[in-house]
Amino acid sequence: MEKTDGLQVIRPGLAARAHFPFFSEGPGGFYLDSAATAQKPGQVIEALRHTLIHHNANVHRGAYRLSATASELYDQARQKVARCIGAASERSIVFVRGATEAINLITYSAQHLCKPGDVILLTLLEHHSNIVPWQLLAKRKGLKVVFADITDDGSLNVADFRQKVEAFKPVFVGVTQLANSLGTVTPIEELVAFAQKHGARVLVDGAQGAPHLGVNVEALGCDYYVFSGHKMYGPTGIGVLYGRPERLEELEPFQSGGDMISYVSVDGSGWAEIPQRFEAGTPAFPEAIALGSAIDFLGRFSRDELNKHEQALVRSALEMLRSEEGVTPHGPATVGGAQATVVSFSIDCVHPHDFATIADTHNVQIRAGHHCAMPTLRRLGFQATVRMSFGVYSCEEDLEAVRLAIREARRMFSR
Ligand code: PMP
């Protein structure tokens, strides 16, 4: 099977591993922590290396060819990001360090749009990075942060969300597309449209959604969409803030210095056009170019097949966990709800951290803890869970390795 650009389609699962030196040259193993960071395809590593060797000159500065080429490649990376998320214009794409920095940027640069007493509505599914910056903004400006509830299986309580939108008329709404703690998929189109209808500007956290569900920001109609390169098979240190152009235009600068100005005089300065206005200092251009390569790589999969593959893994994981004594899976899929790419669970007599340590001796890299989502876990009555999360290279063998680790852990701890 070929894609239109003539490159072979890559099939998810074992076949995809051939593209990841982690499995052949690196430690390999049963890597089940892609929600924290994904492994890197060879072509992304090569893009980084190639850029540093062949195109290393500061961008948007030099009059010489080396700098011009680096600038061109950096601009092309921005175009690739825009195409990947369906943005109508590259002016909407701000390169940042990651989802966390993108949310911090909004909470600083949009603070003049809030007045004391205003409400910010979040949900109990959010990652700490979509909570703490809003709390700090609330403290600075005298605002109130309100949370939409979740149900006992970890789905968003949409009725509560709607009710709070109507009651509080929030100035900002921050909501995840896919929760990293439980894998909950939110009905994001419905939430965005409803909140906007009541006057809110809506920030969608796509840190998990961008790599695992995909997005078309124009169709979604959100005001801002944020994600991190390293979770979508790109390098760390690079991420994206998408903003509708009129939403970026109304923001104050975030960081300031070189590259974000139109002029500087001893009396004051003027700002560059968007998106440069929000990219002070030398950008992580090799990382941005490598993110472009990660986007090319992801484009070699059929999105449909990828989604089906990760869905099948969620179903198999639930089956496997349910077939093991003393194990309880969590999340919406346990009651037929929308869940993707992440499966959290508990084992009756084993602490999650102990399990992760035992699993490691089986070469299973799995996450234990609160997954930077303490309000989610607390609402459901947990301190911590074990979490497996999938990527394009995940397969049934990974689940069997978890099964063996569960059996050993229960043997050790039920003595
Ligand atoms: N939101 C979600 C849903 C996440 O999973 C993460 C990372 N775990 C973040 C935000 C923050 O991403 P980063 O640490 O790359 O800034």
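Checked against the criterion of being closer than 16 Å to E90 by Cβ and without any contact (Cβ under 8 Å) to a residue 12 or more places away in the chain, the candidates E273, E279, E218, E246 yield just one match: E246.
Per-residue answers, yes or no, for (1) open to solvent by less than 50 Å² (accessible area, probe 1.4 Å); (2) of a type outside the set (D, E, K, R); (3) within 16 Å of the ligand (Cβ to nearest atom); (4) under 30 Å from H50 (Cα atoms):
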{"residue": "R78", "(1), (2), (3), (4)": "yes, no, no, yes"}
{"residue": "R83", "(1), (2), (3), (4)": "no, no, no, yes"}
{"residue": "A88", "(1), (2), (3), (4)": "no, yes, no, yes"}
{"residue": "Y108", "(1), (2), (3), (4)": "no, yes, yes, no"}
{"residue": "G117", "(1), (2), (3), (4)": "no, yes, no, no"}
{"residue": "L124", "(1), (2), (3), (4)": "yes, yes, yes, no"}
{"residue": "I131", "(1), (2), (3), (4)": "yes, yes, yes, no"}
{"residue": "R140", "(1), (2), (3), (4)": "no, no, no, no"}
{"residue": "I150", "(1), (2), (3), (4)": "yes, yes, yes, no"}
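When residues of the stretch 196-219 are filtered for being assigned to a helix (DSSP H, G or I) and within 16 Å of the ligand (Cβ to nearest atom), how many remain? Adding up the residues that qualify gives 4. Selection of the stretch 173-195 for residues being more than 16 Å from the ligand (Cβ to nearest atom) and surrounded by 18 or more Cβ atoms within 10 Å (Cβ to Cβ) yields V192, F194, A195. Taking the condition of being under 30 Å from F297 (Cα atoms), of a type outside the set (S, T, N, Q) and in a strand (DSSP E or B), how many residues in the stretch 344-365 meet it? Qualifying residue count for the region: 1. In the stretch 366-415, the residue that is farthest from F22 (Cα to Cα) out of those that are aliphatic (A, V, I, L, M), open to solvent by less than 70 Å² (accessible area, probe 1.4 Å) and assigned to a helix (DSSP H, G or I) is L380.
Among the residues of the stretch 64-86, is there at least one that is within 30 Å of G199 (Cα to Cα) and either in contact with a Lys or Arg (Cβ under 7 Å, 6 or more places away or on another chain) or in a loop (DSSP other than H, G, I, E, B) (or both)? Yes: the stretch 64-86 contains one or more residues that are within 30 Å of G199 (Cα to Cα) and either in contact with a Lys or Arg (Cβ under 7 Å, 6 or more places away or on another chain) or in a loop (DSSP other than H, G, I, E, B) (or both).
Could you tell me how many of the residues in the stretch 12-25 are part of a loop (DSSP other than H, G, I, E, B) and surrounded by fewer than 16 Cβ atoms within 10 Å (Cβ to Cβ)? Qualifying residue count, the stretch 12-25: 2.
Can you spot a residue in the stretch 249-258 that is part of a strand (DSSP E or B) and either in contact (Cβ under 8 Å) with a residue 24 or more places away in the chain or surrounded by fewer than 18 Cβ atoms within 10 Å (Cβ to Cβ) (or both)? Checked against the condition, which is being part of a strand (DSSP E or B) and either in contact (Cβ under 8 Å) with a residue 24 or more places away in the chain or surrounded by fewer than 18 Cβ atoms within 10 Å (Cβ to Cβ) (or both), the stretch 249-258 yields no hits at all.
The values are calculated or read from the model by the stated rules, or taken from the named source; none is laboratory data. Since we're looking at a predicted model, the values are computed, not measured. Because the Cβ atoms are built from the backbone with ideal geometry, glycine has one as well, and the counts that use them run over all protein chains shown. Note: accessible area is taken over every heavy atom of the protein model, side chains too, but ligands, DNA and RNA are not part of it. Shrake-Rupley method; radii C 1.70, N 1.55, O 1.52, S 1.80 Å.
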